[in-house]
1. With (1) surrounded by fewer than 16 Cβ atoms within 10 Å (Cβ to Cβ); (2) within 16 Å of the ligand (Cβ to nearest atom); (3) more than 21 Å from LYS199 (Cα to Cα) as the list, and ALA69 as the residue in question, which single condition is left unmet?
2. Check whether at least one residue in region 87-96 is among the small types (Gly, Ala, Ser), part of a helix (DSSP H, G or I) and either within 11 Å of the ligand (Cβ to nearest atom) or touching a helix residue (DSSP H, G or I) at 6+ places or on another chain (Cβ under 7 Å) (or both), and report yes or no.
3. Quick check on GLU21: is it surrounded by fewer than 19 Cβ atoms within 10 Å (Cβ to Cβ) and closer than 15 Å to TYR163 by Cβ?
4. Output the number of residues of region 1-40 satisfying the condition of being within 18 Å of the chain's Cα centre (by Cα) and of a type in the set (Phe, Trp, Tyr).
5. Considering (1) more than 23 Å from PHE165 (Cα to Cα); (2) in contact with a Ser or Thr (Cβ under 7 Å, 6 or more places away or on another chain), say which one GLY58 fails and leave the rest.
6. Could you figure out which of (1) part of a loop (DSSP other than H, G, I, E, B); (2) touching a Leu at 6+ places or on another chain (Cβ under 9 Å) isn't true of LYS8?
7. Quick check on LYS79: is it of a type outside the set (Gly, Ala, Ser), surrounded by fewer than 20 Cβ atoms within 10 Å (Cβ to Cβ) and within 16 Å of the ligand (Cβ to nearest atom)?
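The values are calculated or read from the model by the stated rules, or taken from the named source; none is laboratory data. No experiment lies behind these values; they were computed from the predicted model shown. Cβ atoms come from the backbone with ideal geometry, glycine included; neighbour counts cover every protein chain shown.
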Amino acid sequence: MYKLYNVKRWGSMAPHLVLEELGLPYQNIWMTPQQVRSEEFRRMSPLGFIPALGLDDGRVIVESMAIVAFLTEAHRDRKLAPEPGTGDSAVYLSSLAFISSNIYAMINLAESTADYSSDPAVQKQISARARSDYHRAFDSLDARLAKEGPFLLSADFSAADLYLFTMTIWAKPSERALLERCQAIARLSGHIRGKPKLKAALEAHGIMKVTESA
Ligand SMILES: N[C@@H](CCC(=O)N[C@@H](CS)C(=O)NCC(=O)O)C(=O)O
């Protein structure tokens, strides 16, 4: 059985929602930030990052994008992603990678500027640039959804939509402000929050309602 190393409102939200939407059995291991920062966890996740997914063979994989892509491919019969090797699958993988590098990584950068400079002015500058970069990426996905949606794969809901949704929770100044600007993403979020299968996981992360301030 899969083991999901999970922290409320952290990067494990996406794999958590994907596991629930796929309807798979898994062991959910809630972690505290202190446990995540322990030597023991680092033996599984070398940089001490959540999410991590334990596989049936005992190995543990990291990187949210890879975990999402792996789960939907391994359980392709559940149809939460296009058939591997097709054009739709190329768009799916491209969407996941786009979100991972242009949104997730930029959110992390905006929130960790003290790791890069001790100068508050420099920190502010890095944070502003990273924030503007991830909002540009949100805007581009919003425009795509408005034109080709309602989902990233047009008529077909996929795990890429869940991945995008989890990013919106962390947006600054708030998810609310992002959704007011990006109406097509707002419609997608509403769709996801209305899914009965996801209710328990959304409630567990405290994200059933739009986050008013980050
Ligand atoms: N590239 C990684 C990033 C994961 C990541 O940044 N996780 C954060 C939480 S959202 C984390 O575990 N931080 C460790 C800490 O704060 O100690 C992925 O996509 O999985």
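1. It is condition (1) that ALA69 fails.
2. Within region 87-96 (the criterion being among the small types (Gly, Ala, Ser), part of a helix (DSSP H, G or I) and either within 11 Å of the ligand (Cβ to nearest atom) or touching a helix residue (DSSP H, G or I) at 6+ places or on another chain (Cβ under 7 Å) (or both)), the answer is yes, since at least one residue qualifies.
3. Considered against the rule, which asks whether it is surrounded by fewer than 19 Cβ atoms within 10 Å (Cβ to Cβ) and closer than 15 Å to TYR163 by Cβ, GLU21 comes out as no.
4. Within region 1-40, residues that are within 18 Å of the chain's Cα centre (by Cα) and of a type in the set (Phe, Trp, Tyr) number 3.
5. Going through (1) more than 23 Å from PHE165 (Cα to Cα); (2) in contact with a Ser or Thr (Cβ under 7 Å, 6 or more places away or on another chain) one by one, GLY58 breaks only (2).
6. (2)
7. no
For (1) surrounded by 10 or more Cβ atoms within 10 Å (Cβ to Cβ); (2) in contact (Cβ under 8 Å) with a residue 12 or more places away in the chain; (3) more than 10 Å from the ligand (Cβ to nearest atom); (4) not hydroxyl-bearing (Ser, Thr, Tyr), each residue gets a yes or a no:
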residue	(1), (2), (3), (4)
ILE29	yes, yes, yes, yes
THR32	yes, yes, yes, no
PRO51	yes, yes, no, yes
ASP57	no, no, yes, yes
MET65	yes, yes, no, yes
